[in-house]
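The values are calculated or read from the model by the stated rules, or taken from the named source; none is laboratory data. The structure displayed is predicted, hence computed values, not measured ones. Positions of Cβ are generated from backbone atoms using ideal geometry, with glycine treated the same way; all protein chains shown enter the neighbour counts. For accessibility, only protein heavy atoms count, side chains too; no ligands or nucleic acids. Shrake-Rupley method; radii C 1.70, N 1.55, O 1.52, S 1.80 Å.
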Amino acid sequence: MDPLWEWLELLPLAQYVGESWWFPLLESIHVVAATFLVGAIAMLDLRLLGVAATQHRVSRIASEILPWTAAAAVVAVVTGVPLFTTRATHYAHNTAFQIKVLLLVLAAVNMLWFHLRTERGIAAWDNDGTPVTGARIAGLCSMVLWAGVLLSGRWIGHLI
Amino acid sequence: MLEQLASRIDGSALQAGAVYLLSQIRGFPPMIQTVHLLAIAAVMGSIVLIDLRILGLALRGQPTSDLARRLLPWTWWALPFLFVSGIIFVLARPQRYAVNPIFRLKFVLLALAVIVTLALHRVTARNPAYWEGPGGGRVLGRMVAAASLLLWVAVVLAGRWIAYADYLLPSEE
């Protein structure tokens, strides 16, 4: 994969971002998008766990919050990719970065599993204060995984 | 004033304690910074979402007063976590922060954000129907919500820029 990372580093975009105030600007927007994503998705996770917003239907919370988490994810990717390209080889070999990518994949799998499997039977537990076990597990996994994404993401810069 | 305070912290037991924690416990800095980030996520998922609701952009299925009552405690509870997780770094290197202009800017913005949020909280507590009602509530409420939204996001941006101020704005020394 190293030739790909080296090719990315040599892109004009990577060089420009790496040598200008675009890096801190994109990074700070990345932080706003990431914390917003985690804060917003926690609302749905806590509903799935039966901890918060129990008087509202799960489907309502999900349909209202997911467009915002999706938008935040787009902003996080659009700001994160240029940051990655500036030192692609370094980041690709950075253990914290590798763990972050793994946790993001697991968070995506958790989300897909919930939407394709657990959510199919939502009519039966949509109004329940404490949803079915599968939904509670999805909520717990989501919270743990996203906290792990923030931790491993913050750790990247501490590994030289 | 900030610099005098910093020189009093310099060499104190408080500083020694903070330096010990940050340098001797493996992974302590990123872990504490993640506590800070998770508390910021709580701010984003509470007051920022309430602001978006008042602006009519998000969570329209839930009444603003209901949302504010449920979510504002998350904002207030995040603050002590932000304070403790942040001050450890300040105690360890007080002079670095005392002369950093972005650090000062962050706390001016934070003070304003807290004042606006307190106002929003009090209005909701006194008159839950305020945000839904006709007339003044709409326009004034939206202005307050927009100010709150911009201020909280600006605090987070400024927080991230503290580290870059060291490079972008080199001190006179």
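The calculated FRET efficiency for the pair residue B:66 and residue B:115, based on their C-beta separation and a Förster distance of 25 Å, comes to about 0.55.
Modelled spin labels at residue A:2 and residue B:108, positioned 7 Å past Cα toward Cβ, are 5.0 nm from each other.
Running a GNM on chain B with Cα contacts under 10 Å, which residue among B:25, B:54, B:40 ends up with the highest mean-square fluctuation? Taking springs between Cα atoms under 10 Å, the residue moving most is B:25.
Taking every alpha-carbon pair under 8 Å whose residues sit at least 6 apart, segment B:2-168 reaches a relative contact order of 31 percent.
Assuming 0.36 nm per residue, please report the length gained on full extension of the stretch residue A:109 to residue A:128 beyond their Cα-Cα distance.
Result: 4.4 nm gained on full extension.
Against chain B, whose longest principal axis is taken from its Cα atoms, helix B:136-168 shows a tilt of about 20°.
For segment B:21-103, a Kirkwood hydrodynamic radius built from all Cα pairs, placed in the Stokes-Einstein relation at 10 °C and 1.306 mPa s, yields a translational diffusion coefficient of 108 µm²/s. Taking 0.36 nm per residue of separation and subtracting the current Cα-Cα distance, fully stretching the chain between residue B:95 and residue B:164 would add 23.3 nm. Electrostatic tally near residue A:106: other residues with Cβ closer than 15 Å to its Cβ, Lys and Arg +1, Asp and Glu -1, net 0. Seen against the Cα atoms of chain B and their longest principal axis, helix B:28-43 is set at about 20 degrees. Using bins of 5 Å that start at zero, the share of Cα-Cα pairs per bin across segment B:2-168 amounts to 1, 8, 15, 19, 16, 13, 10, 7, 6, 4, 1, 0, in whole %. Entry note, chain B: the mean residue ellipticity at 222 nm calculated from DSSP H runs of n ≥ 4, each adding -39500 (n - 2.57), is -26000 deg cm²/dmol after division by the residues and rounding to the nearest 500.
Using a simple spin-label model with pseudo-atoms 7 Å out from Cα toward Cβ, residue A:13 and residue A:120 lie 3.8 nm apart. With the gyration tensor restricted to C-alpha atoms of the protein assembly as shown, the semi-axes of the equivalent ellipsoid amount to 34, 28, 19 Å, longest first. Positive contributions from Lys and Arg (+1) and negative ones from Asp and Glu (-1), summed over other residues with Cβ under 15 Å from the Cβ of residue B:94, come out at +1.
Association of chains B and A removes close to 2700 square angstrom of accessible area from solvent, both sides included, for a probe radius of 1.4 Å. Compared with the dominant principal axis of the Cα atoms in chain A, helix A:133-156 is inclined by about 20°.
Ligands, DNA and RNA excluded, the heavy atoms of residue A:113 present near 150 Å² of accessible surface to a 1.4 Å solvent probe. Over the C-alpha trace of segment A:2-156, radius of gyration and Dmax come out as 17.9, 55 angstrom. Note on segment B:2-168: with charges restricted to the Cβ of Lys and Arg (+1) and Asp and Glu (-1), its dipole about the Cα centre is near 240 debye. Taking trypsin sites (Lys or Arg not before Pro) in DSSP loop states with no more than 16 other Cβ atoms inside 10 Å as exposed sites, chain B has its longest site-free stretch at B:61-173.
Computed extension gain for residue A:81 through residue A:93, at 0.36 nm per residue and net of the alpha carbon distance, reaches 2.8 nm.
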